[in-house]
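All of the numbers you see were taken from the coordinates with simple rules; none came from a lab. All of these numbers come straight from a predicted model, not from anything done at the bench. A quick note on method: Cβ atoms are made from the backbone with ideal geometry, for glycine too, and the neighbour counts reach across all protein chains shown.
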Amino acid sequence: MTNQSHTPSTSPTKTTVTVLGLGAMGQALAGAFLEAGHPTTLWNRTPGKGDDLVARGATRAATAAEAVRASDLVVVCLYDYDVSQAVLGPIAADLSGRTLVNLTSDTPERSREAAAWAAGQGIDYLDGAILVPVTVIGTADALLFHSGPKSVYEKHEGTLKALGGNTVHLGEDHGLAAVYDNALLDFFWTSMSGLVHAFALAGADGVKGADLAPYLSALLAIFPESIASTAVEVDSGEYPGEQAPLVTEAANVDHIIHASEHRGLDVESLNGIKSVLDRAIAKGHGTDGWTAVIEAVRAPVPGAAAH
């Protein structure tokens, strides 16, 4: 028996794909398209990336325009929309008549601006967001959001699902993918910040991270129910606080701030939480539950500059 290397199928029925941007994520995207059998063309702003992808059958283009002309579907994954627009602007004529999927992270406003630009150039456009690390791309668990015309999404849905089995079209508004992305990452990064702070707080008294970790993991068990109930309260505008009113929660946060300060720890994030709590209480929500802080989050901070 002879050993045979795996070569992805390049059936004529497979959509041709170009990937612009070969950072770690861009390379993962291109690899997933190759694995699914899509003829894949690559381009990166700086040379020296993607050699392994070329060895697997991808085509390296000398210019972005050449890369775009090679495919029906163009996927962009760059640093931000300033960078993506700097790349795409000069090759608008080459993109005309093709479908552009922008998986670059930024804000909903930038997504909608990019969509308006694409419409003016005759480019079918989908905005997107990637919610998993590079190691998960191409698997059934990979979550990716897309927003924009449903007809454009449905045309390329089979190809885009090569990037992840959990690929979702959120709606016609091009900004929705970024809205969901920003909101989920807001939750993730503030949670991760709290996690690190908790380790620092316990560690200041000699508690090993490994000793605290099982109890932090157990605490996560309450989150699914908390998320569901908080969603109901946010949508209804009712914040029952019989079991734990905001005035009590504010006192608890104060205790953590004092303990952290005593141990020389940074308390900036905790002070931010306490500030929001105090403003919610000042607005008359002291007897309401935790979700009532959304009324302070939504209200501008007095004296804060508008953005």
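At a threshold of 8 angstrom on Cα-Cα distance, excluding pairs fewer than six apart, so keeping six or more, what relative contact order does the range 146-281 reach in percent?
17
Could you tell me which of the pairs LYS14/LYS150; LYS49/LYS150; LYS208/LYS274; LYS49/LYS208 are separated by over 32 angstrom between their Cα atoms in the structure shown?
LYS49/LYS150; LYS49/LYS208
Take every Cα pair under 8 Å in the range 44-135 that's 6+ residues apart, average their separations, divide by the length, and report that relative contact order as a whole percent.
It comes to 25 percent, rounded to a whole number.
Please determine, in degrees from 0 to 90 and to the nearest 10, the orientation of helix 209-219 with respect to the longest principal axis defined by the Cα atoms of the chain, where the helix direction is its Cα long axis.
90
Under 10 Å, Cα contacts only: if you run a Gaussian network model on the chain, which one of ASN44, ASN252, ASN166 comes out with the highest mean-square fluctuation?
Highest fluctuation among the options: ASN252.
Could you work out [θ]222 nm for the chain from helices alone, using -39500 (n - 2.57) per DSSP H run of at least four and dividing by all its residues? Round to the nearest 500 deg cm²/dmol.
-14500 deg cm²/dmol
Once amide H atoms are placed 1.01 Å from N in the peptide plane, what residues at a sequence separation of 5 or more from TYR125, or on another chain, have their amide H within under 5 Å of its amide H?
LEU100
Give the separation of the Cα centroids, the range 60-98 to the range 184-245, in Å.
Computed from Cα coordinates, the inter-centre distance equals 42 Å.
Test of understanding: in a Gaussian network model of the chain with alpha carbons linked when under 10 Å, which of ALA28, ALA92, ALA282 would top the mean-square fluctuation ranking?
ALA282
Please sort by residue number the trypsin sites (Lys or Arg not before Pro) in the range 201-307 whose DSSP state is loop and whose Cβ has at most 10 other Cβ atoms within 10 Å.
LYS208
Can you put VAL232, VAL247, VAL101 in order of Cβ neighbours within 10 angstrom, beginning with the fewest?
Ranking VAL232, VAL247, VAL101 by Cβ neighbours within 10 Å, fewest first, gives VAL232, VAL247, VAL101.
Which residue, ASP186, ASP235, ASP211, has the most motion in a Gaussian network model of the chain that connects Cα atoms within less than 10 Å?
Maximum fluctuation in the GNM of the chain, among the listed residues, is at ASP235.
Distance between the C-alpha centers of the range 35-55 and the range 121-168? Whole Å please.
19
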